[in-house]
Every structure is written in C-alpha cells, then in structure tokens.
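A.B. asks: Structure in structure tokens, see below.
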Amino acid sequence: MNAAQNLDFQAINSAVLANPSFLERRLPNAKRQGRELKAGDIHGAPGDSFSINIESGKWADFATDESGGDTVSFVAAQEGIGQGEAARLISDALGLPITAPLVRKSKKLPYCPIDWDNPSHVYPYYNPDGSHAYDVLRWEKEGYRKSIRQSKGFDENGNRIQSRLDAKQVPYNLCAAIGTPSVSDSSFVVIVEGENKANSLLDMDICASCNPGGAGKWMPEYAQYFKGKGIVILPDNDDPGKKHAAAVAESLAPVAEYVKIVDLPGLPEKGDVLDWLQMPGNDKERLQALMNDAPYWKPEPGKEPDPRPLSIDWTACGGVSYLTAYPEQFQYLLRWAFLQGELGLISGPPGSGKGTFSLQMAAYMAAGLPVFDWWEVPEPVKVLYISAEDSRPVIHRRLHHALIKLPEEMRYDAAARIVAIPVRGRVNICQCEGKAGVSLTAHLDDLRKIISEFRPGLVFLDTLSRFLGVDENDNPAMTAACGVIEEIMKEYGCNVIMLHHVNKAAGDCVNKEDELAKALNQTAIRGASALAGAVRFAVVFAPLGKDLAGKLLGEEAKDKAAGSYLAIRAAKKNIGVPEPRLYFGRGENGLLYRMEEVNTAGTIEEDARKLAEEVKRRAETGEKALSASKGGREAFGWGDTQNKKATAKAIQLGLLAEVDKEKGKGKVLSPKAGEDSQDFGMFNYE
C-alpha cells in the first residue's frame, strides 16, 4: 500500500471514529465500557469476546483470535472482504471521497453461521473439584472460517446460555471428567493450542491441556494448576504460537518442576502437532523421544520481567507530546470522583458504619447503580470485600440486606459479582523493617491468589491496621506499605479502598457545626500524612450528636441516640469539584439511607459567621483558601444564592475580606478585613 493509500485509510478511520453511530449499527448488541464497545463476536452477538476502541479503531476478537489496527480492517473482517472494498463500503456509507486508488485484497472466507443448538464440537471445561465450569463451542463448515464461542451451559429450560457469564476461567482437562490422564492426577503435562489437539494427545494416553481462546490468551492464574509438574509446550509453527509458548513458559517456570519448549521438526508454516503426527514416521514414540531429549527452558539472559519504575524512556514524556496530543479521557470507577486504578480510603470512628457503608457500596457498584444516588457507576463492577474484623454472620447479614434492597431483576447478577471474605485476625501483607522499609509476608501471596482468581475491579480491605503491619505514624513505612498496595493495583488493574479510623481529635460524636467541618476534613484521618497523600479518594465519617442531628436533619432526628445519624464527605479527591456533605440515618437491619439537610442555612448572619470560622480555620492550618465567589459551596455544599448572601454579609460585618491570590488570577476569602488583609501569609493558594 502506497503513502497516498495510507493517508486515505487514516482519513476513513478518523471519519468512522467521528461518527460513533456507524460502529453501533454494525454491533447492535454491543455495550459501551470506557473507551471500548464490547460484544460477543465481530458481528455484535451478546457477550464480551469482541472489543473495539472507539478512539483509535483498534479491535480484537478473542473468540476467533483475530485483530486489527483500524476500522477499515474491522469492516473487512466483518464482511469477509478485502480492505480496499471495505474502505469503499465505509466511504459510501459516510459520503466520503476516495482520492487515491485502493488495491483489492484477496477475499476472506466468511465466518461459519452459528446455530447454538447444533455446534460442530463442544469442549467442556471443568473446575478442579469436577464441577462444570463452561463450554467452548466450535462451528465448522466447508467454505467458511471456524466460529468459536463460550457458553456457561444450559438454563433451567434446557436452552444453551449464549455467554460464559462470570464463570472462572480455568485450563482444559483439569480433572478426570473429560477422560484420563488429567492435569490433577498427572505429574507431566503437554500444553498445546486448542482443545482438539489436547484431545488427540489424550487419545494417545498423553496428559494434555490448553487455555481457552488460543494463542496469546494465557492468564497468570492458570499457573497454580501446574505446580510441581513437568511441562512440555508444543507451539504452532508461526509467530503467535512461538510468542504464546514463551509466555506460557515464563508463567509456569516459577512453579513447575521443569519447563520445555519443543519445536517439532519438519512442520510447515502454521503447522501444529496434528500435522506433525500425520507425517510418515512420526508417532507417539518419536514424540516422546523428542520431548525427553529437549533441553530445559530458561529465560532470556538479562531479561528483567518487572522493570524498575524509573527505568523508562523519558524522552517519550516531553512537554511537546503533551501539547500536541489531546489528553485521554478519564476512566472512572465512580464518575467525577474516583478514577480506575487508584487507591481510596474510608475513614471514621470505630462503629460509625464504615463496614455497612462499604458493603452497601459494593452492592450498588456490582449492580451498576449510583452509590446512594450520588456517585455514578459507569458499568457494573466485580467487588472483593475482605474483613479482618467482622465475622461471617455479621458480613452475611449486612450483605444480604444490602442486596435485597436492589431492584429484583438486578439482585442475582449483582450478587454474582461480589465476594465477601471474613478472615478474623491480623493478616498483614507487609511488616515493618525499621528504617530499611517493609518486607512482604505470605499473606500477600494469599491475597494475590484470591485477586488473580476472582479478578475484581474493586477490593475493600477492612481495616488498614490489620493488613499493613507498619507503624501508621511512620511516614517512610506508610509510604512503602501503600506502595505494596499500588503494585497489586497495577498488576491486576483494580482499585483498592482501605477502611481506617480517624484521629482522637475528630471525636466520636460531633455536637457543633464548627466541629463538623474539622471532623470531615482529610486532616481527621489517623496516622502519618503519607497515608492521606497516597490515597486519591478519601471519604470521612462523622457521627452526629443528638442536638446537632436534630438541628440539621429536622424532626425525624430529634431525641434519637447520639450516633444514630452520620455526616460523610469525600474529603479528598484529585478530580472534579469539591464534594458537599451527605447525611445518613440508620434504618432497618442497620442499613444506611440518605437524608436531606433541612436546616441548611439558619439566618444570613449565622451563615456569615459559619463561613468566617471556616476561613479562619483554614488559614490557621495552612489549608487551601476558599474562593471568594464560591467559598460556601466549596466548604458546605451551599447553593449560589446562600453562598452570595453569606459572603456579602460576612464582608459587611468585617469578618472577611476578598484578597488577590499570591499566584495566578482570582480572589480568595481572607479572615482579616481592612488594608492589612493581604499581609495574611498562612494560606495555601494552590
């Protein structure tokens, strides 16, 4: 393809990406997940085996092991035509001119039609205990490319389930349910690409296995099933096969007794073990001899699988690249508050409701519903909740009632996305090594195993003190401990929220409004400042005293026991606008429910003095100054009218003044009125 054609293809790809409805029409059952459209296959069937990036056009069909770098190749593969024809098809649909000739590529065969009731082959996968996990189905027909899908099995009416749902991925032939020899009862396993090849070796009494999806789909958690076994890998004779073999070997080498990769002699391009066995003179005995004589696999000399964080090409991070390329869209776990892949914290006094809040939060997120009608959830999330404090009956009761509160049609699917584990006692994944930092423990290996098998999007660790065995007041130790959590998040692509306590100064129950602002600030988080610095999203709890609850929440909250009502606030988040306070009551079965503040203002003068006290407090602690135009909104979640009236009244009373920032444009509120107000130098203006 010449340069002019490259430009045409790029322009066509850009035009498609600028018209997202084009892709949506071609994938009618696809669902939006972040920057991708997800579907069951390249034709848009329900599921998630196929994905296409709506910003770049890059796509992959994991069911057929095909992929491409733009929307032109996607349409070509979908229609079974050459890329030149695909470009013309797109241009006609979008009304685009083609200014350069496009060369017709060889026509590809279309995919085999899918009849869920009559697959050509069914390959059942079983868990190690013998229970059915899922099936891999294949359709083959002369004149077509093979179609491959995964299915959970059958529903209660005997109809084939057209997706794998949330079944855990496992390797093929784990137990004797398929036949013998199986992985579980063998000390030697041959790993191939595809179930048909594994079955052919099983017919020769050679234990064989594979992973679903073919080359390039090996997952690190498969390694646990091959611990202590001798492994021989028979790759297909092509680049994907060789790369796949190397990835499997690297994954299994740390746990297996030995690993070998055997390149079968005489294989044609794209040939495999089945082709080799059909060649004259090749049989089981010769195959076994080749496997016996093959050398043990060793990693490439000098290869460093986990590069150091600063061992990077820094020239790719220059300011010009940031200027000329438009920033990527944020990927939210909680929209406008908590980004994917970040560390969070929920902090409050003991018994304030952190555990209940977290399990209710898990239920909402697993269902894909806004958390307490506040934080939006872009898509349903798999949640792992591990409590080192609460017993199984306590967790069971809380989670059961949280799930029952969901809409009936969402309960089961949400429940299937949650795992809640009680592990009473200290399960520190790291421990203090003095000034040298921290060392890792076997508990970290156990945690990694759970995460690798369940693959959650969010992990709750209750509480921080049980999981991080370091002095929480030691800044270097806490920095290192948080680094351990960050490595887990990076490896598994998940978020972690730790439950923690507030300091003594925050108090158990807050009885005054000025105390409430302090109790809901990130400075209330107990321990080293490094902890508050490491987290990107911190929610702080403050139980309300009886008098303050009645004043803020009205008749319902009057004369109830102290701590019956809560105020919470996202005291720290690194994106979006500052968060207002939210108020909660404790309802039936201990669940929390949202309440609205009924006495938000009092008189204008009361609001003015409240605002002045907050400005003064921030100045004394060196916190960020409040904006002159929206200070009450930033601090208390006030509306514009209430904020304007209170600010004007405070200035009129001489309690506050508007001053220029030391850096940048705009004005902030100062606790000093008069000509010397700009001399107040304790503010953080950043």
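A.B. asks: Label E140 and N292 with points 7 Å out from Cα along Cα→Cβ: what is the distance between them in nm?
C.D. replies: Going by the 7 Å Cα→Cβ label model, 3.2 nm.
A.B. asks: Can you give me the angle between helix 83-94 and the longest principal axis of the chain, using Cα atoms only, in degrees from 0 to 90, rounded to the nearest 10?
C.D. replies: With rounding to tens, the tilt is 40 degrees.
A.B. asks: Can you tell me the FRET efficiency between V577 and A648 if r is taken as the Cβ-Cβ distance and R0 is 25 Å, rounded to the nearest 0.05? Write out the running numbers ahead of the final one.
C.D. replies: Numbers: r = 22 Å, r/R0 = 0.89.
The value I calculate is 0.65.
A.B. asks: Next question. Each residue of the range 349-359 in order: what ³J(HN,Hα) in whole Hz does its phi give by Karplus 6.51 cos²θ - 1.76 cosθ + 1.60, θ = phi - 60°, with x for Gly and Pro?
C.D. replies: Once rounded to whole Hz, the list reads x, x, x, 7, x, 4, x, 4, 4, 5, 5.
A.B. asks: A follow-up question, please. Using alpha carbons only, how many degrees (0 to 90, rounded to 10) separate the axis of helix 392-404 from the longest principal axis of the chain?
C.D. replies: 90
A.B. asks: Mean separation of Cα pairs under 8 Å and 6+ residues apart, divided by the residue count of the chain: what relative contact order is that in percent?
C.D. replies: On the way: 1296 pairs, mean separation 45.2, N = 686.
Answer for the chain is 7 percent.
A.B. asks: What does the extension gain come out to for W336 and S439, with contour length at 0.36 nm per residue minus their alpha carbon separation?
C.D. replies: Net length gain for the segment: 33.5 nm.
A.B. asks: Same structure again: Going by amide H atoms built from the backbone, whose H comes under 5 Å of the H on N173, apart from near neighbours?
C.D. replies: Those qualifying (amide H under 5 Å, at least 5 residues apart or on another chain) are Y126.
A.B. asks: May I pose another question? Rounded to whole Hz and in sequence order, give me ³J(HN,Hα) for the range 647-657 from the Karplus expression 6.51 cos²θ - 1.76 cosθ + 1.60, θ = phi - 60°, writing x for Gly and Pro.
C.D. replies: For the range 647-657, the Karplus curve yields 5, 4, 5, 5, 5, 4, 7, x, 7, 9, 9 Hz.
A.B. asks: Okay, moving on. Rounded to the nearest whole Å², what accessible area per residue is found for the range 384-521 with the 1.4 Å probe?
C.D. replies: Numbers: 6750 Å² over 138 residues.
Ligands and nucleic acids excluded, the figure is 49 Å² per residue.
A.B. asks: If I compute Rg and Dmax of the Cα atoms in Å from the structure I just sent, which labelled value in (i) 30.2, 101; (ii) 26.2, 82; (iii) 24.2, 76 lines up?
C.D. replies: The listed entry that was calculated here is (i).
A.B. asks: At 10 °C and 1.306 mPa s, what whole-number value in µm²/s does Stokes-Einstein give for the translational diffusion of the range 344-454, with Rh from the Kirkwood sum over Cα pairs? Could the numbers behind the result be given before it?
C.D. replies: On the way: Rh = 15.5 Å.
This corresponds to a translational diffusion coefficient of 102 µm²/s.
A.B. asks: Using modelled amide H (1.01 Å from N, peptide plane; none on Pro or chain starts), what sits under 5 Å from the amide H of I233, excluding residues fewer than 5 places away?
C.D. replies: Amide H to amide H, under 5 Å and 5 or more residues apart or across chains, I233 pairs with I191, K260, I261, V262.
A.B. asks: Share of the range 334-487's accessible area from carbon and sulfur, percent, 1.4 Å? Let's see the in-between values first.
C.D. replies: Numbers: 3350 of 6670 Å².
Ligands and nucleic acids excluded, carbon and sulfur give 50 percent.
A.B. asks: Right, another one. Between H121 and D185, what's the calculated FRET efficiency when r is the beta-carbon distance and R0 is 25 Å? Round to 0.05.
C.D. replies: Details: r = 25 Å, r/R0 = 0.99.
E between H121 and D185, to the nearest 0.05, is 0.50.
A.B. asks: Hey, rough spin-label estimate for R617 and S67, points 7 angstrom out along Cα→Cβ, what's it come to in nanometres?
C.D. replies: Rounded to a tenth, the inter-label distance reads 5.2 nm.
A.B. asks: So, with +1 on the Cβ of K and R and -1 on the Cβ of D and E, and no other charges, what is the size of the charge dipole of the chain about its Cα centre, to the nearest 20 debye? Let's see the in-between values first.
C.D. replies: Values: 82 positive and 93 negative charges, 265 e Å.
With only Lys, Arg, Asp and Glu charged at Cβ, the dipole is about 1280 debye.
A.B. asks: On to the next question. From the backbone phi of the range 40-50, what are the Karplus-calculated ³J(HN,Hα) couplings (6.51 cos²θ - 1.76 cosθ + 1.60, θ = phi - 60°) in whole Hz, Gly and Pro given as x?
C.D. replies: My calculation for the range 40-50 gives x, 8, 5, 9, x, 4, x, x, 9, 6, 10 Hz in order.
A.B. asks: Related question: All other residues with a Cβ under 9 Å from the Cβ of L591 taken together, and with Lys, Arg as +1 and Asp, Glu as -1, what is their net charge? List each step's numbers first, then the result.
C.D. replies: Values: positive: R398, K405, R586; negative: E588.
Taking every Cβ under 9 Å from that of L591, the sum is +2.
A.B. asks: Now for a separate question. Please list the non-local residues whose amide H lies under 5 Å from the amide H of L592, H modeled 1.01 Å from N, same-chain partners needing a gap of 5 or more.
C.D. replies: Hits under the 5 Å cutoff: G587.
A.B. asks: Assuming 0.36 nm per residue, please report the length gained on full extension of the stretch E487 to H396 beyond their Cα-Cα distance.
C.D. replies: On the way: separation 91, 0.36 × 91 = 32.76 nm, distance 3.01 nm.
My answer for the length gained is 29.7 nm.
A.B. asks: What angle do you read, to the nearest 10 degrees and between 0 and 90, between the alpha-carbon axis of helix 604-621 and the longest principal axis of the chain?
C.D. replies: 70
A.B. asks: Same structure again: Work out the FRET efficiency for N159 and K31 from their Cβ-Cβ distance, taking R0 = 22 Å, and round it to the nearest 0.05. Could the numbers behind the result be given before it?
C.D. replies: Details: r = 22 Å, r/R0 = 0.99.
In this case the efficiency is close to 0.50.
A.B. asks: Next up: If each of L310 and D514 carries a label point 7 Å out from its Cα toward its Cβ, how far apart are those two points in nm?
C.D. replies: Placing both labels 7 Å beyond Cα along the Cβ direction yields 4.6 nm.
A.B. asks: Assuming 0.36 nm per residue, please report the length gained on full extension of the stretch W374 to D640 beyond their Cα-Cα distance.
C.D. replies: On the way: separation 266, 0.36 × 266 = 95.76 nm, distance 1.99 nm.
Separation in residues times 0.36 nm, less the Cα-Cα distance, equals 93.8 nm.
A.B. asks: Run the reach check for K558 against lysines, Cα to Cα strictly under 25 Å, same-chain hits fewer than 8 apart removed. What comes back?
C.D. replies: Here the lysines satisfying the reach criterion relative to K558 are K354, K512, K518, K546, K610.
A.B. asks: Let me check against my output: what whole-number percent is the relative contact order of the range 189-319, with C-alpha pairs under 8 Å and at least 6 apart? Let's see the in-between values first.
C.D. replies: Working: 169 pairs, mean separation 27.0, N = 131.
For the range 189-319, the relative contact order is 21 percent.
A.B. asks: Please report the relative contact order for the range 428-494, taking Cα pairs under 8 Å with a sequence separation of at least 6, and give it as a percent rounded to a whole number.
C.D. replies: On the way: 69 pairs, mean separation 26.7, N = 67.
Over the range 428-494, the number comes to 40 percent.
The values are calculated or read from the model by the stated rules, or taken from the named source; none is laboratory data. Predicted model, so just to flag it, every value in this text is computed and none were measured. Glycine gets a Cβ as well: all are built from the backbone with ideal geometry, and neighbour counts include every protein chain shown. Side chains included, ligands, DNA and RNA excluded: accessible areas come from the protein's heavy atoms. Shrake-Rupley method; radii C 1.70, N 1.55, O 1.52, S 1.80 Å.
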